[in-house]
Amino acid sequence: MVKAKKAATDVQRRSWLRGAPPPRWVRILPVLLLVGVGVASLTDSVPLDIGFLLGAVPPLAVLAYGPLATALLGAATIGMLTIPFFNLDRPGNTDLVTLGFVATLSVFVSFVRGRRDEQLDLERTVAETAQRAIVPDVRRRVGPVRCASLYRAAERGTLVGGDFFDVRTGPHGVRAVLGDVQGHGLSAVATVASVLGAFREAVLDDVDAEAIAARLDRRLVVDSARTEHAELFATAVLLDFTPQGREVRVLACGHPPPILLRGGAVSTLELDPGPPLGLGLADVMSGTAATVALLGEDRLLLASDGVLEARDASGAFYPFAERLTRMTGVGLDQLPDEIWADLSGFAPKIQDDVTLLILTLDDSAPE
């Protein structure tokens, strides 16, 4: 979702039983069975009672072929069973009628499957387009800020879950946000859309991170009021890059603070966090934004709970900062994939959305 490459990876993760095209061995199997039975019947001097295996060819063809190819394979099966040259069991009329019925039924099932596959492909395309509209790709450069990101939704087959992030430029500089709404999966998509919409408006209007947090807080409070017992809330980290200079103001709203990678050192920023968004407290106790001076190669790494709360088989939490010390030499564009590979190896089952956003200032980037 975050990059085209990531979307392609997600498509490849789907098994063929979940909508992906069938693998090559599934397409070869009915042809291989047909040829194998024919060759076995010709190479053995004693007739073999293996004609019954041909009855599996049309149903196997349904898994990978359209109606025409399924009909041709069914006709080839009946032909091989009846041609005396192959000497396959000398089938009676009942056997031929049964096989003919199976072949005809397979053609019909193949036709229905093809129509449903077309409809599912259309629905999947529409769903992916809608989800990408909610959380579009983050550009590699946003003003003077270079960006790298990764997103893995917890709910299989979706591109958007309960995590959200964005990097935008406006009249007051580059702003970034990463957060996590209540819940995950499809049920949280509407809340993610609402929060990101409010953030994109705030980038154009609000002058600092505190004002942006107050706007997001009000948005969630209003949304909660529309639905009884909704209780919508979200945690977030807001970054406000100064238009000039190498400073960034960081405000945490119930979310773990970013991690600073400086040379070979890894440290967690010390912040005075405010409450989560959506509780109606942003105007009262919004927390204090900390100003961080960034050096030439400094990188700020923001992560969601799916990273910080992942556990191994023994129940131990993923030691994120400790693991990052081994990756300080990895390039910005490669770092998200490196972290994902390490996290996947550490935690056998990741049950929450995984989101990473890595930002660094680049003075050579066009404004």
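The values are calculated or read from the model by the stated rules, or taken from the named source; none is laboratory data. All figures in this text were calculated on a predicted structure; none of them were measured in a lab. Backbone-built Cβ (ideal geometry, glycine too); neighbour counts: all protein chains shown.
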* Structure fact -> Of the residues in the range 212-270, those that are part of a strand (DSSP E or B), out of contact with any Pro (no Cβ under 7 Å at 6 or more places or on another chain) and not polar (S, T, N, Q) number 15
* Hits in the range 240-276 (condition: of a type in the set (Lys, Arg) and either out of contact with any helix residue (DSSP H, G or I) (no Cβ under 7 Å at 6 or more places or on another chain) or loosely packed, with under 13 Cβ neighbours inside 10 Å (or both)) -> ARG246, ARG262
* **Residue count, the range 315-354 (criterion: modelled with pLDDT under 90, buried (at least 20 other Cβ atoms within 10 Å of the Cβ) and among the β-branched types (Val, Ile, Thr))** => 1
* **Search result, residues across the range 271-313 that are in a loop (DSSP other than H, G, I, E, B) and under 17 Å from SER344 (Cβ atoms)** => SER304, GLU309, ALA310, ASP312, ALA313
* Asked: Residues in the range 288-306: is at least one under 28 Å from ASP352 (Cα atoms), without any contact (Cβ under 8 Å) to a residue 60 or more places away in the chain and hydroxyl-bearing (Ser, Thr, Tyr)?
  -> no
* Per-region count, the range 76-130, residues over 13 Å from GLY51 (Cβ atoms), modelled with pLDDT under 80 and in contact with a Ser or Thr (Cβ under 7 Å, 6 or more places away or on another chain) -> 0
* How about the range 129-139: which of its residues are touching a residue at least 24 places away in the same chain (Cβ under 8 Å) and either under 11 Å from LEU359 (Cβ atoms) or of a type in the set (S, T, N, Q) (or both)? -> GLN131, VAL138
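In the range 320-332, is there at least one residue being under 21 Å from ALA236 (Cα atoms) and not hydroxyl-bearing (Ser, Thr, Tyr)? Steps first, answer last, please.
Within the range 320-332, the subset under 21 Å from ALA236 (Cα atoms) is 320-321.
If we keep only those that are not hydroxyl-bearing (Ser, Thr, Tyr) too, we end up with 320-321.
Yes; the residues of the range 320-332 include at least one that is under 21 Å from ALA236 (Cα atoms) and not hydroxyl-bearing (Ser, Thr, Tyr).
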* Could you give every pair whose Cβ atoms fall below 6 Å, whose first residue belongs to the range 254-278 and is over 12 Å from ALA234 (Cα atoms), and whose second residue is assigned to a strand (DSSP E or B) and of a type in the set (S, T, N, Q), counting only separations of at least 6 or pairs across chains? -> PRO257/THR268; ILE259/THR268; LEU260/SER267; ASP272/THR288
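Provide a single number: the residues in the range 281-305 that are farther than 11 Å from LEU343 by Cβ and within 31 Å of the chain's Cα centre (by Cα). Give the steps one after another, and end with the answer.
Kept after step one, since they are farther than 11 Å from LEU343 by Cβ, are these residues of the range 281-305: 281-302, 304-305.
Still in the running and within 31 Å of the chain's Cα centre (by Cα): 297-302, 304-305.
Qualifying residue count, the range 281-305: 8.
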* Structure fact -> Of (1) at pLDDT 90 or above; (2) out of contact with any helix residue (DSSP H, G or I) (no Cβ under 6 Å at 6 or more places or on another chain); (3) within 30 Å of ALA190 (Cβ to Cβ); (4) among the aliphatic types (A, V, I, L, M), LEU279 fails just (1)
* Structure fact -> Scanning the range 318-367 residue by residue, those part of a helix (DSSP H, G or I) and of a type in the set (Asp, Glu) turn out to be GLU322, ASP337, GLU338, ASP342
* Restricting the search to the range 318-350, which residues are without any contact (Cβ under 8 Å) to a residue 40 or more places away in the chain, touching a strand residue (DSSP E or B) at 6+ places or on another chain (Cβ under 8 Å) and more than 17 Å from ILE259 (Cα to Cα)? -> ALA347
* In this structure, is LEU308 buried (at least 20 other Cβ atoms within 10 Å of the Cβ), closer than 15 Å to PRO256 by Cβ, within 25 Å of the chain's Cα centre (by Cα) and assigned by TED's automatic domain parsing to the domain that holds LEU150? -> no
* To do: Filter the range 221-253 down to the residues that are under 25 Å from the mean Cα position of the chain (by Cα) and not β-branched (Val, Ile, Thr), then identify the one that is farthest from ALA188 (Cα to Cα).
  => LEU239
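Only one of LEU356, LEU343 is farther than 23 Å from LEU251 by Cα and in contact with a Phe, Trp or Tyr (Cβ under 8 Å, 6 or more places away or on another chain). Can you tell me which? Before you say what the answer is, go through the steps one by one.
On the way: LEU356 fails: farther than 23 Å from LEU251 by Cα.
Matching residue, one of LEU356, LEU343: LEU343.
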* Asked: All but one of (1) touching a residue at least 12 places away in the same chain (Cβ under 8 Å); (2) surrounded by fewer than 17 Cβ atoms within 10 Å (Cβ to Cβ); (3) among the small types (Gly, Ala, Ser) hold for SER224; which doesn't?
  -> (2)
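Residue by residue, here is whether (1) exposed (fewer than 11 other Cβ atoms within 10 Å of the Cβ); (2) modelled with pLDDT under 80; (3) in a helix (DSSP H, G or I) holds:
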{"site": "ALA7", "(1), (2), (3)": "no, yes, yes"}
{"site": "PRO47", "(1), (2), (3)": "no, yes, no"}
{"site": "GLY55", "(1), (2), (3)": "no, no, yes"}
{"site": "ALA69", "(1), (2), (3)": "no, no, yes"}
{"site": "GLY74", "(1), (2), (3)": "no, no, yes"}
